[in-house]
1. Look through 42, 18, 33 and report the one residue that is touching a residue at least 60 places away in the same chain (Cβ under 8 Å) and out of contact with any Ser or Thr (no Cβ under 9 Å at 6 or more places or on another chain).
2. Pick from 302, 295: which is out of contact with any Cys (no Cβ under 9 Å at 6 or more places or on another chain), polar (S, T, N, Q) and more than 29 Å from residue 184 (Cα to Cα)?
3. Does residue 260 satisfy being of a type in the set (Val, Ile, Thr) and over 27 Å from the mean Cα position of the chain (by Cα)?
4. Which number in (1) among the hydrophobic types (A, V, I, L, M, F, W, C); (2) part of a helix (DSSP H, G or I); (3) closer than 21 Å to residue 214 by Cα marks the one condition that residue 183 misses?
5. Could you please find all residues in segment 70-86 being out of contact with any Leu (no Cβ under 7 Å at 6 or more places or on another chain), crowded, with 17+ Cβ neighbours inside 10 Å and of a type in the set (A, V, I, L, M, F, W, C)?
6. Quick one: count up the residues across segment 93-113 that are touching a Gly at 6+ places or on another chain (Cβ under 9 Å) and either buried (at least 21 other Cβ atoms within 10 Å of the Cβ) or closer than 14 Å to residue 138 by Cα (or both).
7. Please verify whether residue 182 is over 18 Å from residue 77 (Cβ atoms) and at pLDDT 95 or above, treating the condition exactly as stated.
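The values are calculated or read from the model by the stated rules, or taken from the named source; none is laboratory data. Since we're looking at a predicted model, the values are computed, not measured. Cβ: placed from backbone, ideal geometry, glycine included. Neighbour counts: every protein chain shown.
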Amino acid sequence: MERWRGYQAVPGGWGRSAVTIGVFDGVHRGHQAIIGHLVKRARDLGVRSVVVTFDPHPAEVVRPGSHPAVLTEPARKAELIEELGVDVLCVVPFTQDFSRLPAEEFVHDVLVESLHSSLVVVGENFRFGHKAAGDVPLLERLGRTFGFAVEGAPLVSADDTVFSSTYIRSCIDAGDVRAAASALGRPHRLEGIVVRGDQRGREIGYPTANLSVHRYAAVPADGIYAGWLWRRGGERLRAAISIGTNPTFSGRERRVEAYILDFDGDLYGERVALDFVSRLRETLRFDGVDPLVAQIGEDVVQTREALAE
């Protein structure tokens, strides 16, 4: 998959293409349906498929301070989009000037003049242009003017719940990582660098890998989770994951820590990923180290059981 920074990076001699547009945070099942349809139709038409997305998140530019929790970091999002068979990922820098581009100019400058779109695939709730004034009917009218077709992809849902990035964020915020995984089509993932903590885990026989995560990362609700820790190179390790302030030791800083089962090594400085499979319990305050250690032992047993499923 080719990767472009900005639609101005389109190479000379670029032919027709099939395009979809969106933030695509999470690349969830709804996004997968849209992008999958795009890839299929591009092949039918004999043109290249292009996914246009934005960086940073438009909300942060339009309403500073409103940046939503991020489900997938840019590199991870690109990997997931590439796995769907897309030919080109075009990441458009979302600036104040770009945010003021009227819907009609957006279509002319990006879809027509730059990408030479013959087909545009969007979800039925797609909005675009300054103040999100553009919608699918306007896109269809512009398509007739400029000579490209527009195809809508239906929203994906289950049990009357439409899968969206907002819905998934709410699941993660509530600690319901199973529901989030159902909408994502895979477990929710956090990525970060392993840093040194207070070393208390090592002192009680359960050393943990402390993750430093991005400030906008979608961190699940406080609690204990069963999940997988991924190292570069594809090594997957079972992990009991704790999120919270460590109330037994009167902690104040919220942390993401993972006790890695059956592992004896050093991960400091490594960039790793945590996939959340299930929530085991809420965070508790214990009256001393001994009951804490006993509970961690039970958490490890439940982690093995959850991951064996």
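1. On the way: 42 fails: out of contact with any Ser or Thr (no Cβ under 9 Å at 6 or more places or on another chain); 18 fails: out of contact with any Ser or Thr (no Cβ under 9 Å at 6 or more places or on another chain).
Answer to the selection: 33.
2. Values: 302 fails: more than 29 Å from residue 184 (Cα to Cα).
The match here is 295.
3. On the way: of a type in the set (Val, Ile, Thr): yes; over 27 Å from the mean Cα position of the chain (by Cα): no.
It is false that residue 260 is of a type in the set (Val, Ile, Thr) and over 27 Å from the mean Cα position of the chain (by Cα).
4. (3)
5. 70, 71, 80, 84, 86 - these are the residues of segment 70-86 that are out of contact with any Leu (no Cβ under 7 Å at 6 or more places or on another chain), crowded, with 17+ Cβ neighbours inside 10 Å and of a type in the set (A, V, I, L, M, F, W, C).
6. Within segment 93-113, the first condition is being touching a Gly at 6+ places or on another chain (Cβ under 9 Å), and the residues that meet it are 93, 101-107, 111-112.
In the following step, the residues that additionally are either buried (at least 21 other Cβ atoms within 10 Å of the Cβ) or closer than 14 Å to residue 138 by Cα (or both) were identified as 102-107, 111.
Of the residues in that region, 7 qualify.
7. Values: over 18 Å from residue 77 (Cβ atoms): yes; at pLDDT 95 or above: yes.
It is true that residue 182 is over 18 Å from residue 77 (Cβ atoms) and at pLDDT 95 or above.
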